[in-house]
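These notes concern the structure reproduced below.
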Amino acid sequence: MKTKKEKSAARPGKKAKSSRSFGSIIKKVLKTAGLIVLWVLIFALILFGYFNLPVSNHNQNVQLGVTFSNRYAGDIGLDWKKTYIAMLDDLKVRKIRVPVYWDLVEPKEGQYDFSAIDWQLDQARQRNAEIILSVGQKVPRWPECAIPDWAKTSDQKRKESLLQFIDVVINRYKSGHPEIKYWQIENEPFLKFGICPTPDPSLLDSELALARKLDPTRQILVSDSGEIDQWFNAYPRADIFGTTLYRTIWKNGIGYFQYPLGPRFYQFKYWINSLLFGKKPAYVIELQAEPWINGYTTNQPLSEQFKSMNVVQLKANVDYAEKVGFPGIYLWGVEWWYWLKYNKNHPELWDAAKTMFQNQSQL
């Protein structure tokens, strides 16, 4: 017969039982986590495969346009007016996105110089060209944000002055300018890129409300990054949505990198946003048609520039964008094409683009 002490020793202790129970829980948690990770990877692979399925259909009626920056043209040593006229008369471009640079238009508070914008709009109107006028603190081309120094004394000063600036611009051009098709309020306002303040949805909403109040006759375009963002912030705020589309970029630590994404990637994001927020028109508002390299484009040798943009790549990018299926594609780089042709005796990009626009005019 066992003593009381022997019976106690024969029974499993509470500590051992608790330890086995805890180990069982850990195993279950790890197994569940592993299954979740596995299914996430499977889903990601399925999506990746879908994004890269071949797309045979082209939008044969796509309309090509460009973004033109008088600031950038001047920065790379061009006569920007001569470049603009060549774009209109030689390339026959009839759809243009024009940035309004706040620091150039209002260099001193309350003192405005709209001469460059007036001239561009007048030349476009004479040729029945269509303009998207980009207004805000963040508009196309580096450094992205064009905030005058006098408005940087405080956040409150900047925000109040920005709204006043938008008020002045829209009131100036809302009447008597049939060439202005849409307003673009800010450029990629949710993308943290450039020398800019932190993205501010509340401020953007105030800008959009003001623009709609001042000019209810025109729709407003809001843009977002095609490769980085999901469009969930920009798309629902837009009447017309614009996505960027870049294929080959340069990244620190990697070098040249091509996004491993097919046209269905953009189609899928558009479908998701349409499902959530309603279907609305969408453009490729910025298609890569100039190099993305380490440093300022025209400061690098031509051999380096041509690594990420050349005639073959230009045609491939346009072909890719046409497969996305949006009705409009705005090419990014017309100033660089002109610089190559007239400053470097390399007309290949300009001539290739000219053929594209001529073919479009014959549709």
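None of the figures in this text is laboratory data; all of them are computed from the coordinates on show. No experiment lies behind these values; they were computed from the predicted model shown. A quick note on method: Cβ atoms are made from the backbone with ideal geometry, for glycine too, and the neighbour counts reach across all protein chains shown.
Given the -39500 (n - 2.57) contribution per DSSP H run of 4+ residues, what per-residue ellipticity at 222 nm results for the chain, rounded to the nearest 500 deg cm²/dmol? Spell out each step's value before the answer.
On the way: 13 runs with 169 residues, N = 363.
So the helix-based figure for the chain works out to -15000 deg cm²/dmol.
So for LEU104, LEU302, fewest C-beta neighbours within 10 Å to most, what's the order?
Values: LEU104 16, LEU302 12.
Listed from fewest to most nearby Cβ atoms, that is LEU302, LEU104.
Measuring from label point to label point, each 7 Å out along Cα→Cβ, what is the ASN252 to VAL55 span in nm?
Label at ASN252, label at VAL55, 3.2 nm between them.
Report the FRET efficiency, 1/(1 + (r/R0)^6), for VAL311 and THR153, where r is their Cβ-Cβ distance and R0 is 45 Å, rounded to 0.05.
Details: r = 48 Å, r/R0 = 1.06.
My answer for the efficiency is 0.40.
What distance in nm separates the two pseudo spin-label positions at LEU163 and ASP319, each 7 Å out from Cα along the beta-carbon direction?
Modelled inter-label distance: 5.0 nm.
Karplus couplings for the stretch 137-142 from phi (6.51 cos²θ - 1.76 cosθ + 1.60, θ = phi - 60°), rounded to Hz, Gly and Pro as x?
With the stated coefficients, the stretch 137-142 comes to 8, 10, 9, x, 5, 4 Hz.
Where does each of THR248, THR83, THR153 land when they are ranked from fewest to most other beta-carbon atoms within 10 angstrom?
Values: THR248 18, THR83 23, THR153 10.
Ranking THR248, THR83, THR153 by Cβ neighbours within 10 Å, fewest first, gives THR153, THR248, THR83.
Counting only Cα atoms, I'd like the Rg/Rh figure for the chain, Kirkwood definition for Rh. The partial results should precede the final answer.
Numbers: Rg = 27.1 Å, Rh = 23.1 Å.
The Rg/Rh ratio comes out at 1.17.
Of SER274, SER223, SER69, which is the most mobile in a GNM of the chain whose springs link Cα atoms less than 10 angstrom apart?
The residue with the greatest mean-square fluctuation here is SER274.
Quick one: if you stick a label point 7 Å off each Cα along the C-beta vector at LYS174 and GLN230, how many nm between them?
It is 3.5 nm.
Checking understanding here: applying a Kyte-Doolittle mean of at least -0.5 and a length along the axis of at least 30 Å (C-alpha), which whole DSSP H helices in the chain pass? Provide the component values of the computation, followed by the final result.
Values: long enough: 14-51 (55 Å, 1.03).
What comes out of the filter, once short or polar helices are dropped, is 14-51.
Sort ARG97, ARG127, ARG218 so that the residue with the fewest other Cβ atoms within 10 Å of its own Cβ comes first and the one with the most comes last. Kindly include the intermediate steps, with their values, before the conclusion.
Numbers: ARG97 28, ARG127 13, ARG218 20.
Neighbour counts put them in this order, fewest first: ARG127, ARG218, ARG97.
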